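Written out below as C-alpha cells is the structure these notes cover.
The values are calculated or read from the model by the stated rules, or taken from the named source; none is laboratory data. What you see is a predicted model, and the numbers here were worked out from it, not measured in a lab. Positions of Cβ are backbone-derived with ideal geometry, glycine not excepted, and every protein chain shown enters the neighbour counts.
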Amino acid sequence: MKQLQLAILSTPLLLVGASALAATTTDTFQVSATVLDACSVTAGDLAFGNVDMLSGTDVDATSSIEVTCSTGTAYDVGIGPGTADGATTSSRQMGDGGTGALDYALYSDGTRDTNWGDVVDTDTVAGTGDGGVQTLTVFGRVPSGQTGVAAGAYTDTVTVTVTY
C-alpha cells in the first residue's frame, strides 16, 4: 500500500519537471515574389455584312479588342496590314480567293479619321493596365466608289499585337 501512495504522490512531480525542461527557439525567413508585366488580348471579328458597291455610300462596322494587362503595365495595341499581297496598314484589302480585291480601312476613332496601324508611338493605341479587361473599339470602313469590284465573298485576316 505504501508503494501505491508513493506513485500517486510522485506523478505531479514528474509533470512539473517535464514542463520545466521545455525550451523553444525561433528564426525568421523572407517571403518574396516578382510580379511580371503581363498582357493578354482577344480580338473579335469585324463583319461588314452585305455591301452594295453601287449605292455610293461607305459601309461602316465595328469590332472590339479586349486587352488585359497587369496593373501599371503600359501597352500599345497595333493592328497589322492583313494578308493581301502589297497591303499596308493604310491600304488594306480583302480578297475573294482569286484576283478580286475589296479595299477597307481600320480606325481607332469613331469619326474614322485616325488610321490604326502597327508602329508603336505612331499609329497604335496606348494604355495602362489595371488588372481588368479594357475594351478598345475598332472602327472599320469599306469606302464607296469601288464599282469595279466583282460580286462575291471577301475576307482578310489581320494580326493584333500588344507591345508591353
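For the reader, a short list of remarks on this structure follows.
- Scanning region 98-131 for residues that are among the polar types (S, T, N, Q) and outside any loop (DSSP other than H, G, I, E, B) gives Asn115, Thr128.
- Residue match in region 64-71 (condition: surrounded by 10 or more Cβ atoms within 10 Å (Cβ to Cβ), modelled with pLDDT of 95 or more and part of a loop (DSSP other than H, G, I, E, B)): yes
- Near pairs, Cβ below 9 angstrom, 6+ apart or cross-chain, from region 136-161 (modelled with pLDDT of 95 or more) to any residue that is basic (Lys, Arg): Phe139/Arg112; Gly140/Arg112; Arg141/Arg112; Asp156/Arg92; Val158/Arg92
- The single condition among (1) surrounded by 13 or more Cβ atoms within 10 Å (Cβ to Cβ); (2) of a type outside the set (Asp, Glu); (3) in a loop (DSSP other than H, G, I, E, B); (4) modelled with pLDDT of 95 or more that Met53 does not meet is (4).
- Summed over region 80-100, the residues that are more than 17 Å from Pro143 (Cβ to Cβ) and either among the charged types (D, E, K, R) or touching a Pro at 6+ places or on another chain (Cβ under 8 Å) (or both) give a count of 2.
- Any hit, region 102-109, residues being within 22 Å of Val41 (Cα to Cα) and either in contact (Cβ under 8 Å) with a residue 40 or more places away in the chain or aromatic (Phe, Trp, Tyr) (or both): yes
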